[in-house]
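J.: Could you have a look at this structure, given as structure tokens, before my questions?
The values are calculated or read from the model by the stated rules, or taken from the named source; none is laboratory data. Treat the numbers as computed from the prediction; the structure is a model and nothing was measured. Cβ placement follows ideal geometry from the backbone for every residue including glycine, while neighbour counts extend to all protein chains displayed.
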Amino acid sequence: DDPALADQTHWTAKKLCGWLKDHLVADLSYRTAVRYLHEHNYKLKVPRPMPEPPDRDAWEKRREAFASELLALLENKDGEVFFGDEAGFEGDPRPRQKWVKRGSHPSIGYYGGHVRCNVVGAVNPRDGQLVLGMRELYPISTAPE
């Protein structure tokens, strides 16, 4: 379950098969390795990109403080609170697949510098008002003219 124990960052079936052949001197075929992974509840998934906060501790503290601020805003009858979400569509190459346990949600960190289109939506829970928006983002060198 932990590729770091074998000095690896992740496993592919091909890497695992080669590592087992080299380190355990086992006569193992690729198909046998894949079948073993399936039998032990592994599935091939593409990791989802997740932005990494520069300071995780500070980020968690700000998040906890915001919860109490949000409750105060919701209780204020004079203010309007909208709940929103965003979907991003990236033009970058997809992350590679890797073998992970079923039910897990693999992710891979990234640090910006990519082409993407963001779609944003927000709804007011009191009256159902919906606000939508879309924004295309390009790196400076590839921006359309």
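J.: Could you check L28 against (1) assigned to a helix (DSSP H, G or I); (2) touching a Leu at 6+ places or on another chain (Cβ under 9 Å); (3) over 23 Å from I108 (Cα atoms) and say which number it fails?
T.: (1)
J.: What pairs can you find where one residue is in the stretch 16-44 and farther than 23 Å from G103 by Cα, the other is hydroxyl-bearing (S, T, Y) and surrounded by 15 or more Cβ atoms within 10 Å (Cβ to Cβ), and their Cβ atoms are less than 9 Å apart, with a gap of 6+ or different chains?
T.: L28/Y36
J.: I'd like the full set of residues that are more than 30 Å from L74 (Cβ to Cβ) and at pLDDT 70 or above, limited to the stretch 110-145.
T.: Scanning the stretch 110-145 gives V115, R116, C117, E136.
J.: Continuing with this model, one more query. Does P49 meet the test of being part of a loop (DSSP other than H, G, I, E, B), within 25 Å of the chain's Cα centre (by Cα) and surrounded by 11 or more Cβ atoms within 10 Å (Cβ to Cβ)?
T.: no
J.: Quickly run through the stretch 75-95 and pick out the residues that are at pLDDT 85 or above and either more than 30 Å from H10 (Cβ to Cβ) or assigned to a loop (DSSP other than H, G, I, E, B) (or both).
T.: E75, N76, K77, D78, G79, E80, V81, F82, F83, G84
J.: Pick out the one residue from L16, L20, L37 that is in contact with a Phe, Trp or Tyr (Cβ under 7 Å, 6 or more places away or on another chain), surrounded by 11 or more Cβ atoms within 10 Å (Cβ to Cβ) and part of a helix (DSSP H, G or I).
T.: The unique qualifying residue is L37.
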